[in-house]
Amino acid sequence: MGMHQEQTLNLKIAVLSLADINNYGDKFFPYIFRSELKARFPNADIDLYTNTEYHCELYDTSKYSLPGLADYDAVILAGGDTIQRLDEENWNDIYDSFTLGRKPSDIIFEWLALDKPYKAYFSVGVHPQMQEHRQDILSMLTRLDYLSVRGCLSKKIIEGSLVYNYNQIRIVPDLGWLFAKYLDRMDQDIPMVGLTSGNYMVFEVFYEFDDEILRFSAKALSEFQSETNVKVMLLPIIHTKSKRALSTWNDYYPLSKIQEYAGGAFLLMPDQLSIANVGFLLKNAKFYLGSSMHGAVTCLSYGIPAGNILTWTAPKLQELHGARMRADCFINHWGKLPGLLRQLNREAEDNTNRGYGKIYADYMRHRLSQELDYLCLEIQKRRFL
């Protein structure tokens, strides 16, 4: 996209996110989004904000404050399953060691009342619970200058009806489809003892603490490993601020129990690996199966087969796999785990399937680039009217 540098010298943009919950995908988003904006606005000042001051290996963020956003030319909430009011159910668990003095969800909705900045949500997911908060939905529709969601289900939740079609709501791919572009530029420092690219699969699970299910998973994974000689790697991806071992946002605990029940047969990776190291392990896997959406989309961005298992019927996972016509790659019942393991393994050995996966990933990156061009042109129009 052509941008005149003399026009962008004084442009100020604030990028908001929930990166400080410390999940692999959520903390990758601000780095990617700021990089994409910088490619289009090379002389702009782009500041990152989260609910708390946060240090990531790739950047630092400032603590969100409404008065501090008033003088920006644009304020953008970028990526994630962010459009929700689940302060009691979700955010208060994650932010339980902080004193915000306000609702965590204020970083999503409060600033919509600002007058000056160009206001945008880019590639966000919408929680079904938002159907109960029509006033927030109305604020989004009337106050945002730009609104894009990452799938049809998110769009329909906002519209409130299957038959409505609000053209102002744009649909774009999840920002995770850009992970491959940026991971390939990063250095990793994790030893691959006894492993080579493609001779292991990655498994991950969170939101699940039922002992029977964890034992069943250990048995299914053990049988798969024995039958195929494909090593099972247990990779923690969900790294949150919550200190409770049994937080729904903790995946190291259930993975460590699976390792215990399997008699140490798998490769359990350390908790709190860097973005580069998590990405490196995913991009070299034969395939991925787990609860994390962004574990799946990292592999998919390389054309590597991936599936998800979660007892909750997560709309974001329905959107991810439904958009690529692979609803069969998201299962809600643990009894189907063995079948999906074998299905993904077969697909990983099919070069034609891998080739089409790469073509699809290229298209999703292309669509994100197109939409980022559009957003930046709209910001520029507002700034220089």
Next item on the list: Could I have the simple spin-label model distance between ALA327 and ASP87, label points 7 Å from Cα toward Cβ, reported in nm to one decimal?
Entry: 3.7 nm
Check: Over the chain, what percent of the accessible surface lies on carbon and sulfur atoms, probe 1.4 Å?
Finding: 49 percent
Item checked: Förster radius 51 Å - calculated FRET efficiency between PHE209 and ARG102 (Cβ-Cβ, nearest 0.05) -> 0.95
Next item on the list: Looking at the chain, send over the antiparallel percent of its DSSP beta bridges, to the nearest 5.
Entry: 10 percent
Check: What is the distance, in nm, between label points placed 7 Å from the Cα along the Cα-to-Cβ direction at THR196 and at ALA113?
Finding: 6.2 nm
Next item on the list: Using R₀ = 30 Å, calculate the FRET efficiency as 1/(1 + (r/R₀)^6) where r is the Cβ-Cβ separation of LYS38 and ARG143; round to 0.05.
Entry: 0.70
Check: Using a 1.4 angstrom probe and counting only protein chains, how large is the accessible area of TYR261 in Å², to 10?
Finding: 60 Å²
Next item on the list: Please give the per residue accessible area of the chain, computed with a probe of 1.4 Å over protein heavy atoms only, in Å².
Entry: 41 Å²
Next item on the list: Please tell me the relative contact order of the chain in percent, rounded to the nearest whole number, where contacts are Cα pairs under 8 Å and at least six residues apart.
Entry: 15 percent
Margin query: Under 19 Å between alpha carbons, and skipping anything fewer than 8 positions from LYS63 in its own chain: which lysines qualify?
Written below: LYS12, LYS27, LYS103, LYS119, LYS241
Check: Sorted by accessible area (1.4 Å probe), largest first, how do THR311, THR228 line up?
Finding: THR311, THR228
Item checked: Contour minus Cα-Cα distance for TYR374 and ASP184 (0.36 nm per residue) -> 65.8 nm
Check: Rounded to whole Å and sorted largest first, what semi-axes of the equivalent ellipsoid does the C-alpha gyration tensor of the range 168-323 yield via the square root of 5 times each eigenvalue?
Finding: 24, 20, 16
Notebook entry, point to check: Leaving out ligands, DNA and RNA but keeping every protein chain, what accessible area does ARG324 have, in Å² rounded to the nearest 10, with a 1.4 Å probe?
Noted result: 50 Å²
Notebook entry, point to check: Could the peptides 42-55, 277-290 be put in order, highest first, of the mean number of other beta-carbon atoms found within 10 Å of their residues?
Noted result: 277-290, 42-55
Notebook entry, point to check: With the calculation restricted to Cα positions, what are the radius of gyration and Dmax of the chain in angstrom?
Noted result: 20.7, 66
Check: Sorted by accessible area (1.4 Å probe), largest first, how do LYS257, LYS336 line up?
Finding: LYS336, LYS257
Checklist line | Dipole of the chain [Lys/Arg +1, Asp/Glu -1 at C-beta], most positive-end residue of ALA113, LEU100, ILE190 | finding: ALA113
Item checked: Cα pair count fraction exceeding 21 Å, expressed as % - the range 293-381 -> 38 percent
Notebook entry, point to check: If amide H atoms are built 1.01 Å from N in the plane of the peptide, which residues on other chains or at least 5 residues away come under 5 Å of the amide H of ASN51?
Noted result: ASP20, TYR64
Next item on the list: Work out the length of the dipole vector of the chain about its Cα centre, built from +1 on the beta-carbon of each Lys and Arg and -1 on the beta-carbon of each Asp and Glu, and round it to the nearest 20 debye.
Entry: 840 debye
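The values are calculated or read from the model by the stated rules, or taken from the named source; none is laboratory data. Source: prediction; values computed, not measured. Here the Cβ is made from the backbone with ideal geometry for all residues, glycine too, and neighbour counts use every protein chain on show. Please note that ligands, DNA and RNA were not included when accessible areas were found on the heavy atoms of the full protein model with its side chains. Shrake-Rupley method; radii C 1.70, N 1.55, O 1.52, S 1.80 Å.
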